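First the structure, in the form of structure tokens, and then the observations on it.
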Amino acid sequence: MANKITKSFVDNIPYPDTGQNFYRDTELKGFGLRVGTGSKVYFAEGKVDNKTVRVTIGHHGIFAPEQARTEAKSILGMIARGINPNDADKAKKAKSVTLAEVYTAYLKARNSLKPRTIQDYDRCMKAYFEEWQSKPLAEINKDLIERKHREIGERSEAQANLAMRFMRAIFNFALGQYEDSAGNPIIADNPIKRLSQTRSWYRVERRQTVIKAHDLPAWFNAVNSLPDVAIGRNKHLAKDFLLLLIFTGLRREEGLALQWKLVDFKAKTLTIPDPKNRQTHTLPLSDFLFNLLEARKAQNKIDATEKNEDESPFVFPGTGEKGYMDDPQKLMKKVIEISSVQFTPHDLR
């Protein structure tokens, strides 16, 4: 329907019971009004590359007809120059997307990431990039990256490299996710490349520590003595946990989160369904491990009965949100104190 769009005309248009009605201005071609069941919205439309482009201006009441007409003239001018205003708006929004927004989108897209990985990423964002959270990603340039890498490196060279590898993944994601109106990435290049171009990555030797063979007896005796010499409700659990790690080579989190459903007492096997390399593998249980896990199963049942609780699905139950024991750092320090053997859970692999 064609009419001159004025305030009195718009005010008197009834709302349809269903659907939408369109009214086009007789004086400014391309300027119109869309009336729905509960709204009256001004728009401008034209053709770019023989395709109709419609741009919403705003609601009647927020915009007066003459204000909307003025806005429509600007939009129609862009269309006349072959510019799609919707694409331009999309590009503007893409260029203003912040680091925090990109990180949120990154986690949503990488929905297969493990909780521990996400936890590490969250810690990295908070520890090293807190002041960049609200900064548009397009404004984080090579100079900022180089200075930040050097700043973190003054505290820890290894953490500086890890933080920048994480940031490199964020930028690589953004390169494919955010585009301007021409379909080009809003970021021309990944700024982390500066560290390679200037050879600024720190040379960090990979840790290759293990418990030496001649230290094993002292370490083994110290671990077994935990129930007698240590303090804390987890001393029995920690003993079995450390022995499990050294006899299986499991990673720390794999051991802590181990569930009874993965232990087959009949077949004498232990299955790890989703280790870091994404390949499920089954380990045979030696007599020592079989007896250790069988005793642990019986003790867990006794503990649950005494507390009037259901038996935990975890081999090493805990009271926290995760449901399994936290990393027993204090008890590991006790083993180091008794045995004089320095170690971490990774060293037991």
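Just so you know, all these numbers are worked out from the coordinates, no wet-lab data involved. The structure displayed is predicted, hence computed values, not measured ones. Neighbour counts are summed over all protein chains in view; Cβ atoms, including those assigned to glycine, are modelled from backbone coordinates with ideal geometry.
Report the calculated FRET efficiency for Gln329 and Lys114 (r = Cβ-Cβ distance, R0 = 25 Å), to the nearest 0.05. Result of the calculation: an efficiency of 0.75. Between Ala218 and Asp287, the FRET efficiency estimated from the beta carbon spacing at R0 = 30 angstrom works out to 0.80. Using Cα-Cα distances under 8 Å and only pairs 6 or more residues apart, what relative contact order does the range 22-125 have, in percent? Dividing the mean separation by the residue count of the range 22-125 yields 16 percent. Mean projected area of the convex hull spanned by the Cα atoms of the range 272-349, taken over all viewing directions: 7.2 nm². Relative to the dominant Cα principal axis of the chain, helix 287-306 is inclined by about 70°. Report, to the nearest 10°, how far helix 85-95 tilts away from the longest principal axis of the Cα atoms in the chain, using its own Cα long axis and a range of 0 to 90°. Its long axis makes an angle of about 30 degrees. What distance in nm separates the simple spin-label points at Trp260 and Asn141, each placed 7 Å from Cα in the Cβ direction? For the pair Trp260/Asn141, the computed spacing is 6.2 nm. With θ taken as phi - 60° and the Karplus curve 6.51 cos²θ - 1.76 cosθ + 1.60 applied, the whole-hertz 3J(HN,Hα) list for the range 163-179 is 4, 6, 5, 4, 5, 4, 5, 5, 5, 4, 4, 5, 4, x, 9, 10, 10 Hz, x standing for glycine and proline. Note on Arg203/His346: beta-carbon distance plugged into 1/(1 + (r/R0)^6) with R0 of 22 Å gives a FRET efficiency of 0.60. From the alpha carbon centroid of the range 214-268 to that of the range 1-26 is 76 Å. Please sort by residue number the GluC sites (Glu not before Pro) in the range 251-318 whose DSSP state is loop and whose Cβ has at most 12 other Cβ atoms within 10 Å. Taking the range 251-318 and a limit of 12 other Cβ atoms within 10 Å, the loop GluC sites (Glu not before Pro) found are Glu309. Look at the alpha carbon pairs under 8 Å that are at least 6 residues apart: their mean separation over the length of the chain gives a relative contact order of 11 percent.
Checking every one of the trypsin sites (Lys or Arg not before Pro) in the range 89-190 against DSSP loop status and a limit of 11 other Cβ atoms within 10 Å picks out Arg155. Take the Cα of Arg165, step 7 Å toward its Cβ, do the same at Glu306, and the gap between the two points is 4.4 nm.
Between the Cα long axis of helix 65-80 and the first principal axis of the chain there is an angle of about 80°, rounded to the nearest 10. Note on Ile13 and Val229: the extension gain reaches 69.2 nm, defined as 0.36 nm multiplied by sequence separation minus the Cα-Cα distance.
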